[in-house]
Each structure stands twice: as structure tokens, then as C-alpha cells.
Amino acid sequence: MAARVDHEERRTQIAEALLRIADTQGLQSASMRAVAAEAGVSLRLVQYYFTTKEALLLDALARLQGQLQARMNTWIAAAGSPPTPRTVITAILSCIVPTDAESSRIARTYNGYYTLVLSDPDVLEKHGAAQPAVLEGFLAKQIRAAQAAGDVAADQDPEMTAAGLLAMVNGLGSSVLGGQRSGEEALAILTYYLDTTLFT
């Protein structure tokens, strides 16, 4: 049992090193050798746990997704109890906007993965769209529940609305990372849209 825990700790140590490089330098700088140096381990050890760079990239992506999910859970819990579809939708979308160090790191790292997909579509073709599709599906479910509660107009298409909301949040995030506006300004735009366009 102890050996399995140690192996997982090593995998985490290496994957988190890749995520740090992705955040500060971009994934193009995350060679296996660079990851080994960042993690403070040998290149051979990185290759032992991750036989290919693709395997390391996918493992780190799954961990990044877990970090975003944990952030969402925290924001949903802080939105009030019991949670309503409206508070859940607002919390999920708001926590994605880069407004602090954690959300900025997550957004920058996701951008690194988007850039990787654009430059080498085969690398993450089977995996890159999975998490956004899950999130869109969850938001669509919440929108349908909000419709049933009378908070969203009945003629809104839940799937199209969910996809549009995530696209808007991603665009707002890019505008923050690019220095066009602050995180607070982006959050104000999102809140304005939700209060005046989505929710009745």
C-alpha cells in the first residue's frame, strides 16, 4: 500500500511540475527534460512514470480539470445553501473568470493546452473536448432546472445557451489575460449578462 501511495505522489510531483511550466512558460517549453528539472527528479524517472510526453500531458490535464472542479465546488458551496440552479450557474461561470492568482493560473494553463491542440490537433484529439462537453452538459441541465423554477425563459435552448455562456466566459478570460480588462470588470460583464439576458 505504501509503495502505491509513493508512486502516486511521484506522478503528482511530475505532473504538477509540467503544469507550473505551462503556466509560466507555455507548454512548448515543457519538454520531458525541463519537467524533470522543474520536479527535481531525473529524466529517467519522468520516463519511468510517463513513457511518452503525450501520457504526461494527458495526466496533467486531468489534474488541471480536477483543480477547476474543486474551485467550482468551493464557489457553489459559498453561493448559499441549498444551492439553486441560478446560484450554481452563476458560481460556475464566475469562478472560471480570472479574478485571482488561482483562476489566472488555471486559465493560462488551459490556454497552453488550447494552443497545443491548435498546433498539433492529433495530440489531444480524443481528450481535449471531453471536459468542455461535460461542463456544457451540466450547465444545460442547470438551465433546464432554472426554466422549471421560472428563472429562465422557457424558449431558451439549454444546450445552445450553455455553449454560448462558456464561449463568453472563455472570451472574457482571454481579454483579462491579454490585459484588455481586469478580472473584476470581466466578472461585472458576466453578471450584467446573466441578470439582464439569461435570468428573468
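Just so it is clear, none of the values below were taken in a lab; they were calculated from the coordinates. Just so you know, these numbers come straight off a predicted model, no measurement behind them. Cβ coordinates were reconstructed from backbone atoms using ideal geometry, including for glycine residues, and neighbour counts include every protein chain displayed.
Among all residues of the range 29-45, there is none that is without any contact (Cβ under 8 Å) to a residue 24 or more places away in the chain, assigned to a helix (DSSP H, G or I) and under 30 Å from residue 93 (Cβ atoms).
Residues of the range 75-111 that are buried (at least 20 other Cβ atoms within 10 Å of the Cβ), farther than 27 Å from residue 180 by Cα and among the aliphatic types (A, V, I, L, M): 88 alone.
Looking only at residues of the range 153-166 that are in a helix (DSSP H, G or I) and either out of contact with any helix residue (DSSP H, G or I) (no Cβ under 7 Å at 6 or more places or on another chain) or not charged (D, E, K, R) (or both), we find that the one that is surrounded by the fewest Cβ atoms within 10 Å (Cβ to Cβ) is 160. Filtering the range 51-98 to residues that are aliphatic (A, V, I, L, M), touching a Leu at 6+ places or on another chain (Cβ under 8 Å) and closer than 22 Å to residue 152 by Cβ leaves 89, 92, 93, 96, 97. Residues in the range 167-197 that are closer than 24 Å to residue 154 by Cβ and touching a Ser or Thr at 6+ places or on another chain (Cβ under 7 Å) were compared, and the one that is surrounded by the most Cβ atoms within 10 Å (Cβ to Cβ) is 190.
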